[in-house]
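Notes to accompany the following structure.
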Amino acid sequence: MSTAVKIRDPKTFVPQDVWARQVKLIMRDPEISQDKAERIFGQTIAYFVTAGENSDLIVGPSLEVDQGVDVAPSREATAHERWGHLPGLDFRTAEAVDYLTTEAATFDVVLSIFGAVWFVDPDELLPLVGTRMTEGGILAFSHLPAGSQELKPGRAGMRHDHAPDEWTRLLHRYGLTDVRAEIIEPPAGQSAATMLIRATV
């Protein structure tokens with residue numbers, strides 16, 4: 001069974017002058033290059049388009065506690081710096097499998113943005129995700145499209161660089177259904193696209 005993949009360029013969702021203006025605003029941070037600014041704004045558009053087209057997917061702070069987990073302590077520090085003033089957010093430094101093994105809470109939505117789903121063995125991670133999600137819960141994750149770069153270890157471990165059909169097979173194996181995949185094309189002049197996958201428990 002094949003999974004339909006929709007390819008869209010985030011730059012087509014806003015007028016050209018808006019794209020240029022927002023990129024320049026992001027580049028006011030001297031540490032951010034134009035390439036990185038365009039990727040940040042492109043991901044922002046992809047986030048809002050995905051949220052707008054999937055009204056049942058809760059992707060922002062809610063009345064419940066939203067928990068952010070990363071294996072790198074620096075990411076927890078950055079998260080506190082940027083979003084620590086918002087209510088209902090809890091940030092942890094932990095390895096994903098250890099966290100899901102010891103955490104008793106259940107989740108309505110699990111997001112992995114170039115994160116654990118890409119770096120942790122899916123045969124180990126996906127069963128745990130399924131046991132920690134409420135019925136009808138949503139798993140959504142992103143990473144570079146399979147084959148877009150040479151498969152190699154990342155800082156957090158080996159990347160599990162799967163194509164949509166392979167992810168569909170893996171997700172179905174562990175009880176996730178309604179798998180949808182799309183590839184967000186990079187901005188003009190850039191080469192790194194983003195694969196987005198969504199599944200339901």
Report summary line: Sorted on mean Cβ neighbours within 10 Å (highest first), peptides 78-89, 160-171, 181-192 come out as 160-171, 181-192, 78-89
Query raised in the report: When the chain is fully extended, how far beyond the present Cα-Cα distance does residue 188 get from residue 95, taking 0.36 nm per residue of separation?
Result: 29.9 nm
Query raised in the report: What whole-number value in Å² describes the accessible area per residue of the range 63-148 for a 1.4 Å probe?
Result: 55
Query raised in the report: Which FRET efficiency, nearest 0.05, do residue 78 and residue 123 yield, Cβ-Cβ r, R0 35 Å?
Result: 0.70
Query - Projected label distance in nm at residue 17 and residue 173, using a 7 Å step from Cα toward the beta-carbon - result: 5.3
Query raised in the report: Could you give me the ³J(HN,Hα) list for the range 11-18, computed from phi with Karplus coefficients 6.51, -1.76, 1.60 and θ = phi - 60°, whole Hz, x at Gly and Pro?
Result: 5, 7, 8, 9, x, 4, 5, 5
Query raised in the report: Each residue of the range 95-101 in turn: what ³J(HN,Hα) in whole Hz from Karplus with 6.51, -1.76, 1.60 and θ = phi - 60°, glycine and Pro shown as x?
Result: 7, 4, 5, 4, 4, 5, 6
Requested in this report: Would you grab the residues whose amide H sits under 5 Å from the one on residue 108? Only those 5+ places off in sequence or on another chain, please, with H modelled 1.01 Å from N.
Outcome: 134
Requested in this report: Take the Cβ-Cβ distance between residue 86 and residue 27 as r, set R0 to 35 Å, and report the resulting FRET efficiency rounded to the nearest 0.05.
Outcome: 0.90
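The values are calculated or read from the model by the stated rules, or taken from the named source; none is laboratory data. Since the structure is predicted, the reported quantities are computational estimates derived from the model, not experimental observations. All Cβ positions, glycine included, derive from the backbone under ideal geometry; neighbour counts span all protein chains shown. All accessible areas refer to the heavy atoms of the entire protein, side chains included, with ligands and DNA or RNA removed. Shrake-Rupley method; radii C 1.70, N 1.55, O 1.52, S 1.80 Å.
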